Amino acid sequence: MNTDLAVVLILLAATTVMFALNRPRMDAVALIMMTLLPLTGVISPAEALSGLSDPNVVLIGALFVLGEGLVRTGVAQKVGDLLVRRAGKDEARLIVLLMAAVTAIGTVMSSTGVVAIFLPSVLRIARNAGISPRRLLMPLSVAALISGMTTLIATPPNLIVHGQLIRAGHEGFRFFDFTRFGVPVLVAATAYMVAARRWLSPDAAAPEDRHASRPRLSQWIQEYDLAERHFRLRLEAHSPWAGKRLGELDLRRAHGIDVLAVERRRRFMPPEILEPGAQTVLEAGDILFVLVRQPGTDIAALCWQKGLVQLSILDGHFAESSQAVGMAELMIPAASRLIGQTVVAARFRSQYKLSVIGLKRGTRPVSASVCDEPLKVGDTLLVAGPWRAIARLRSDPGELVVLNVPAELDDVVALPARAPFALLALAVTVGLMVFGVVPNVVAALIGCLLLGLFRCIDMNGAYRAIQWPTLFLIVGMIPFSIALEKSGGVAVAARVMLEALDGADPVWMLVALYLLTVLIGLFVSNTATAVLVAPVAVAVAGELGLSPYPFAMAVALASSTAFLTPVSSPVNALVAGPGNYTFADFVKVGLPLSLLVMAVNIVLIRLFLPF
């Protein structure tokens, strides 16, 4: 062993220990090593910084932005809603559909992002269906990891292995080269999870709901006696209200109703939620979310007179319309100019774009007309209106203090009307990648530019969407792979594996590389693992005089086989708390699953990628 290799291995051992202890954080460790490696003389400063110009790093960053576009426009949430409608309360069917949906979305966005999107939905599904979250959250994490086996861009390790092939002078993988492995693995893993769910006993103490301290809309509706006062009304073409401004109609004075929001539908477009104001012009087909001032108002008679159609509101009232109408509890502070004024005199609706629909003094709701009651210090106002108006109030409190926002706020989609444009941007990106019109990184950047052009995401949102620690982890670990190659470390590792399996069938070399990748992944992130093991896989293939593709694919697929512990992947860590899983739970379910997935993948590699 030469001196350069000894130094690199010492630094690699120190890196592994710090990764395992998570002290300091992994991206910081990678940047420390990126600084130290050129000081050893093994690599040059330019080589140490080469990760910053690596096209795959830019591609991964762009994919984070594309995934955020799907979240902000509600595309991902609609998939979850469809899942609920299709599965009902059948637990096995729910697991099958959940894993299929998660894997489908995970083909074009990070597995961590997919879990973060689906986690609230799965907890809500479990609560409504009376199913233990423990039986659903592990299938969620398993499907998110398997999604990394479905397309080239589904997870960073695939792109890292792809990049290693290109650096070694080979052609990289194509977009759908992974799909023929991921789909059979998903089928096998889904069948396994349906059977293994009984090992995840629901008897364990349930974790505290992260929303437990926050009210829900249904609670406020009951507390403020709003159940008989909330309606959805659609304007027919012959309605005398069509074409008139809300200020001109003066509905509060004429009919005792407040318009909380207006839903406007256009052909081939998602519904748009309007903030009602005096200058808002109503159109035929508009859906009005209204609250009547006095219980017992004859809405049927009003609809007959004014050409309206009353639409049904399902159980939960605001639950079905919570994407359009939100609520918040506000308090009047001592310095507020609203003290002593009524809601009408203060022009509350005009100033804040919100309607006051309830008032409490202390713990008791005020039974008198809310609009005519002078406000006092400490009064609690329940306001309703578009979520955008509530968000503005939270960011600029001014005369009011926001006491509570409901748990439903977490499920609100920021830009639902932009969903078709987000899908278009995604389709263009995937199409360019599949047909090889431009390099993958250019295709992803075009997709990001389209998202910005269609206003699906802004610059600040794009910067926030990028998981910078992940990118800098990759940037800092790429110099390690270069140092291992230049110091002879890759050749030594390849030679050791060849000597250990001298004369054995190349299939056993595949198995050894797969197991090595999975074992290293227990202590190091799958991204860093791919950076370290991919060069070894390509070198082993070269020494054997065989195609590098089976060995490279084994490393990529093994990087996503991270089912064994709660720290094997951020995906597992995300579900460990809400599912109240123990380390033993992951081992009990993950060990047989890992062996099953490895067996399926090895068979498929031999079938599709000849030596």
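The values are calculated or read from the model by the stated rules, or taken from the named source; none is laboratory data. Keep in mind that what you see is a predicted model, and the values were worked out from it rather than measured. Using ideal geometry, Cβ is built from the backbone for each residue, glycine included, and neighbour counts are taken over all protein chains shown. Heads up: the accessible areas ignore ligands, DNA and RNA and are worked out on the full protein's heavy atoms, side chains in. Shrake-Rupley method; radii C 1.70, N 1.55, O 1.52, S 1.80 Å.
Brief remarks on what is shown
- Think of the chain as a dipole: +1 on every Lys or Arg Cβ, -1 on every Asp or Glu Cβ, centred on the Cα centre; then among 600, 79, 415, 415 lies furthest on the positive end.
- Qualifying lysines (Cα of each under 25 Å from Cα of residue 78; at least 8 residues distant if same chain): 89
- Length available on full extension from residue 248 to residue 468: 0.36 nm per residue minus the Cα-Cα distance, which gives 74.0 nm.
- Approximate spin-label separation residue 434-residue 28, in nm, with each point projected 7 Å along Cα-to-Cβ: 4.4 nm
- About its Cα centre, the chain has a charge dipole of approximately 1280 debye under the convention of +1 per Lys or Arg Cβ and -1 per Asp or Glu Cβ, with nothing else charged.
- Here residue 353 is the anchor, and the lysines within straight C-alpha reach of less than 27 Å, apart from those fewer than 8 places off in the same chain, are 244, 306, 376.
- Amide H to amide H, with H built 1.01 Å from N, residue 280 comes under 5 Å of 246, 247, counting only residues 5 or more places away or on other chains.
- Stretchable slack from residue 275 to residue 214, in nm (0.36 nm times residue separation minus alpha-carbon distance): 19.4 nm
- Pairwise label distance in nanometres, residue 171 with residue 544, each label 7 Å out on the Cα-Cβ vector: 2.2 nm
- Stretching residue 595 away from residue 225 to a fully extended chain increases their span by 127.5 nm, per 0.36 nm per residue minus the current alpha-carbon distance.
- Under the membrane-span-like helix rule (DSSP H runs whose alpha carbons stretch at least 30 Å along the helix axis, mean Kyte-Doolittle hydropathy 0.5 or higher), the chain yields 583-608.
- For the range 486-558, the per residue solvent-accessible surface stands at 36 Å², with DNA, RNA and ligands left out and a 1.4 Å probe.
- Of all lysines in the structure, not one has an alpha carbon short of 18 Å from that of residue 588, not counting any fewer than 8 places away in one chain.
- Using the rule -39500 (n - 2.57) for each DSSP H run of four or more residues, divided by the residues of the chain, the 222 nm mean residue ellipticity is -17000 deg cm²/dmol.
- Among the listed values (1) 1.14; (2) 1.19; (3) 0.97, the one matching Cα Rg over 2.2 N^0.38 Å as calculated from this structure is (1).
- Amide H to amide H distances under 5 Å link residue 260 with 289, 290, 291, where only residues 5 or more positions off or on other chains count and H is placed in the peptide plane.
- Segments 455-463, 509-517, 550-558, 53-61 sorted - mean Cβ within 10 Å per residue, highest first: 550-558, 509-517, 53-61, 455-463
- Estimated inter-spin distance, residue 195 and residue 584, nm [label 7 Å along Cα→Cβ]: 2.3 nm
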